[in-house]
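J.: Here it is, the structure in full.
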Amino acid sequence: MKLYLNKNLQKWVISIGLANSFLFILIGLRYNTYIDITNNPSQWFYIIITTIGHMGFISLIGILFPLLLSLISKDKKTLLLLCSLISSVSTIFLIVDYFIFSQYRFHLNRFVLDMLFGGAAKDIFQFSNFMYFVATCAIIVLFSAECLLGWWLWKKHIFLKLKLKRILFVLLGLMITSQLVHALAAANSYSPITKIDNTYPLYFPLTANTLFKKLHLIDPNNSGLDMVPKNKTENKNIKYPLTPLQFSESKRNNILFIVIDCWRSDCLDSLITPNIYKFSKKSLTFKNHYSGSNGTRGSIFSIFYGLPSFAYWNTMKTNKTRPLLMETLANQNYKFGIFGSASLSYPAFNKTVFAGINNLRLTTDTENPAPYAKDTRITEEWLNFMKVNYTAPNEQAFLGFLFYDAAHGYSHPNAKDAPFQPSWTEANYLTLDNDTDPTPFFNLFKNSLNDIDSKVGKVLDNLKKSGALENTIVIITGDHGQEFNDNKKNYWGHNSNFSEYQLHIPLVIYWPNKSPHVFTNKTSHYDIAPTLLRENQGNTNQIQDYSTGKLLWDADTKNWFVAGSDQNYAVIEKDQITTILYGNYSITTPHMESISDSNLRSNVVFDAMKNTYRFYTN
């Protein structure tokens, strides 16, 4: 193979990469708007060199292949098209990453890509035709601009006028300096710098604690980083339950879960959800109820396992260990009716919560793919399930699960004529920023909930007319909440923080032979499974044998609770939230205002982690 050492050709390719470096740095400046600036000179220095060095350098990764190709080909058109294509794709990924980060505070990763390109993408992400049109036009314009840029650089010989080596060495030097500054900050637990770790895409900050201690560059007794325990989910030695479950004879009611995706606590009332509100008046209502996570996976997991998903999801999924609640119901010969409007395999509930259930349907397909249409179908299927399987009170007991998704998809059959106005007709994520008026968006959300409520009303009417309500525990709740920039921090949706708006949800339970009551004690999803096991299934174990929860009506003796999923979780107290993300931590008020890291209550965090991970044997 013959190599062509055409310096002008190679310089031209490098100049295209550097031009895109400038674009990446500009986009990088947008990420900086989500940093909690402390006006500390060292923090400013780190932000500047990282924005320029890291963002500028990662854009050069894309030109490596065209640069190598320039050594074996003189075809400028091919090189131009290849550089333009790679640069366009890289820029699009960066823009998409920024869009995701601005609303959820995490980057494109394997989990997000699995959702985007997995079988459940259409259930998780609801985009309008207009948004697809805008995206397509943007891609065409971007690719054309990249082609024109490359042509202009060649035609005007701009690359010959640039000091390319000097620019490359400056970018490399800034990137290396950024890494060394971070390593020193991490070794000294200097949070104004380390808490920026997750801000930049594809940023993998350097740590060298052991080396710095050996070189006596830091205090060897510094244990700041050890204040937050590391996630232990890689340890597969689990004892669940701690002791074998024992049961006494008891009257066992049917159980029906009605779970509404994204249903936040202030959206249970006589206007938004009139049928559920009316039903709550003869039920147990828990006003101070919280989810076990700010996302669906961790929330549903916490309902059925009574355990935090950030500690146990991976282990339970790997071992296909279903919840003790579901195991008990199967052993007690319950019949299962599982109907999800959203996918039951993304997240992998078929390998966790609903593992071992025969003929479990993973997706609900309808001619109209809108979530409200799928909600209609699962309602009809549930009514048919009852018609076929429940004809008298002494029939085989059942566990029902209805998962409604329209509120998550902001889906309504006719939002223009819906009760809450003014209302968007579809979610337009491209317009969301900190200055967006949330009213029409929130009204669309409330209209979607109102539509779900009409379907839930049919389910409740059927239970009453069939006589099943007399011996059925009906649990109506949300998986997690939904934020509409309530904290004025540009948070929209869920899965982005652990504030009230993403965790506080309604819980209404109709329990046969229990008088209506409003509870104000703090409760969580972790309490649901142990309450059912103890009060309905006849379990006689200590709840601590299998759950981190308690009975729903018992007082909460802890001054904290935990929530989250995978490497992003929080210890939540009345006056502050300690969020742990990939081993680093930040502290905020309940309204997401930053608090000095000196406020870290390490004893509370250790107590929470010790209680959380106690089912691991080593």
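J.: How long is the gain from residue 582 to residue 22 if the chain were fully straight, where each residue apart is worth 0.36 nm and the alpha carbon distance is subtracted? Walk me through the numbers before you get to the answer.
T.: Numbers: separation 560, 0.36 × 560 = 201.60 nm, distance 2.95 nm.
Fully extending the segment from residue 582 to residue 22 adds 198.7 nm.
J.: With angles folded into 0 to 90 degrees, how steeply does helix 7-31 sit against the dominant principal axis of the chain? Use alpha carbons for both and round to 10.
T.: Helix 7-31 and the main axis of the chain meet at about 40 degrees.
J.: While we're looking at this one, here's another question. Positive end of the dipole of the chain, charges at C-beta (+1 Lys, Arg; -1 Asp, Glu), about the Cα centre: which of 185, 91, 17 has its Cα farthest in that direction?
T.: Checking the options against the dipole of the chain, the answer is 17.
J.: Pull out a ≥ b ≥ c, the square roots of the eigenvalues of the alpha-carbon gyration tensor of segment 298-347, then state rounded if a/c is under 1.5, prolate if not and a/b is larger than b/c, and oblate in the remaining case.
T.: The shape class here is oblate.
J.: Moving on to the next point. Rounded, prolate or oblate: which fits segment 294-395 when a ≥ b ≥ c are the square roots of the eigenvalues of the alpha-carbon gyration tensor, with rounded for a/c under 1.5 and prolate only if a/b beats b/c?
T.: Oblate.
J.: So, R0 is 56 Å and r is the distance between the beta-carbons of residue 330 and residue 177; what FRET efficiency does that work out to, to 0.05? Show your work: numbers first, answer last.
T.: Values: r = 59 Å, r/R0 = 1.05.
Result of the calculation: an efficiency of 0.40.
J.: Compute the separation of the alpha-carbon centres of segment 26-101 and segment 300-335 and state it in Å as a whole number.
T.: Between the Cα centre of segment 26-101 and that of segment 300-335, the gap is 43 Å.
J.: Helix 129-155 versus the longest principal axis of the chain: what is the Cα-based angle in degrees, 0 to 90, to the nearest 10?
T.: That works out to roughly 10 degrees.
J.: Could you estimate the translational diffusion coefficient of segment 552-615 from the Stokes-Einstein equation, with Rh from the Kirkwood formula over C-alpha pairs, at 20 °C and 1.002 mPa s, in whole µm²/s?
T.: For these conditions, the coefficient is 173 µm²/s.
J.: Indicate the gyration tensor shape class of segment 389-452 (rounded, prolate or oblate), computed on the Cα atoms with a ≥ b ≥ c the square roots of the eigenvalues: a/c under 1.5 is rounded; otherwise a/b larger than b/c is prolate and the rest oblate.
T.: The shape class here is prolate.
J.: Please sort 315-321, 137-143 by packing, taking for each peptide the average over its residues of neighbouring beta carbons within 10 angstrom, highest first.
T.: Highest mean packing first, the order is 315-321, 137-143.
J.: Could you state the angle between the C-alpha long axis of helix 309-319 and the longest principal axis of the C-alpha atoms of the chain, as a value from 0 to 90 degrees rounded to the nearest 10?
T.: 80
J.: Something else now. Using R₀ = 25 Å, calculate the FRET efficiency as 1/(1 + (r/R₀)^6) where r is the Cβ-Cβ separation of residue 611 and residue 589; round to 0.05. Don't jump to the answer; show the numbers that get you there.
T.: Values: r = 24 Å, r/R0 = 0.95.
Efficiency, rounded to the nearest 0.05: 0.55.
J.: Which order do the peptides 554-563, 57-66 come out in when sorted by mean C-beta neighbours inside 10 angstrom, highest first?
T.: On the way: 554-563: 16.5, 57-66: 19.7.
Packing proxy ranking, top to bottom: 57-66, 554-563.
J.: Treating only the Cβ of Lys, Arg, Asp and Glu as charged (+1, +1, -1, -1), what charge dipole size does segment 513-618 show about its Cα centre? Round to the nearest 20 debye.
T.: Roughly 240 debye, rounded to the nearest 20.
J.: Now for a separate question. Across 10 Å bins from 0, what is the distribution of all Cα-Cα pair distances for segment 444-520, in whole percents?
T.: Per 10 Å bin, starting at zero, the Cα-Cα P(r) for segment 444-520 comes out as 16, 36, 30, 15, 3 percent.
J.: Still on this model: For residue 289, list long-range residues whose amide hydrogen, built 1.01 Å from N in the peptide plane, is under 5 Å from its own amide hydrogen.
T.: It is 505, 523, by chain and number.
J.: What share of all Cα pairs of segment 16-85, in percent, falls into each consecutive 5 Å distance bin?
T.: Values per bin, smallest distances first: 3, 16, 21, 17, 12, 10, 8, 6, 4, 2, 0.
J.: How would you order 306-312, 588-594, 507-513 from highest to lowest mean count of nearby Cβ atoms within 10 Å?
T.: Top to bottom by mean Cβ count within 10 Å: 306-312, 507-513, 588-594.
J.: Right, something else. Of the accessible area of the chain, with the probe set at 1.4 angstrom, what percent is carbon plus sulfur?
T.: The C+S portion of the solvent-accessible surface of the chain is 58 percent.
J.: Then there is this: Based on alpha-carbon atoms only, what is the radius of gyration of the chain relative to the globular estimate 2.2 N^0.38 Å?
T.: 1.08
J.: When the helix-only estimate is applied to the chain (DSSP H runs of n ≥ 4, each -39,500 (n - 2.57), divided by the residue count), what is the mean residue ellipticity at 222 nm, nearest 500 deg cm²/dmol?
T.: -13500 deg cm²/dmol
J.: Turning to a different aspect of this structure: Only four residue types carry charge here, +1 at the Cβ of Lys and Arg and -1 at the Cβ of Asp and Glu. Report the dipole size of the chain about the Cα centre in Debye, rounded to the nearest 20.
T.: Result for the chain is approximately 1860 debye, rounded to the nearest 20.
J.: Would you kindly work out the equivalent ellipsoid of segment 235-287 from its C-alpha gyration tensor and give its semi-axes, the square roots of five times the eigenvalues, largest first in whole Å?
T.: The equivalent ellipsoid of segment 235-287 has semi-axes of 35, 19, 9 Å.
J.: Quick one, what does Rg over Rh come out to for segment 251-318 if you take C-alpha atoms and the Kirkwood Rh?
T.: On the way: Rg = 14.6 Å, Rh = 14.1 Å.
Taking Rh as the inverse mean 1/r over Cα pairs, Rg/Rh reads 1.04.
J.: Related question: Principal axis extents for segment 351-457, Cα atoms only, whole Å, descending order, please.
T.: 56, 31, 25
J.: In terms of modelled amide H atoms, which long-range or inter-chain residues lie less than 5 Å from the amide H of residue 284?
T.: HN-HN under 5 Å from residue 284: 509, 510, 511, 517.
J.: Going 7 Å from the Cα of residue 567 in the Cα-to-Cβ direction, what parts of segment 574-618 have a backbone nitrogen less than 17 Å from that spot?
T.: So the set is 579-586.
J.: Efficiency by 1/(1 + (r/R0)^6): what FRET value for residue 517 and residue 32, r their Cβ-Cβ distance, R0 = 35 Å, to the nearest 0.05?
T.: About 0.10, to the nearest 0.05.
J.: If you count only protein heavy atoms with a 1.4 Å probe, what accessible area per residue comes out for the chain, rounded to a whole Å²?
T.: That works out to 45 Å² for each residue.
J.: Cα extents of segment 256-534 along the three principal axes, largest first, in whole Å?
T.: Computed over the Cα atoms, the extents are 55, 42, 42 Å.
J.: Determine the relative contact order of the chain: mean sequence separation of Cα pairs under 8 Å and six or more apart, normalised by residue count, in whole percent. Intermediate results must be reported in sequence, preceding the final value.
T.: Numbers: 1081 pairs, mean separation 119.4, N = 618.
Normalised by residue count, the contact order of the chain is 19 percent.
The values are calculated or read from the model by the stated rules, or taken from the named source; none is laboratory data. What you see is a predicted model; the values in this text were computed from it and never measured. Backbone-built Cβ (ideal geometry, glycine too); neighbour counts: all protein chains shown. Just so you know, the surface numbers come from the protein's heavy atoms only, side chains and all, with ligands and any DNA or RNA stripped out. Shrake-Rupley method; radii C 1.70, N 1.55, O 1.52, S 1.80 Å.
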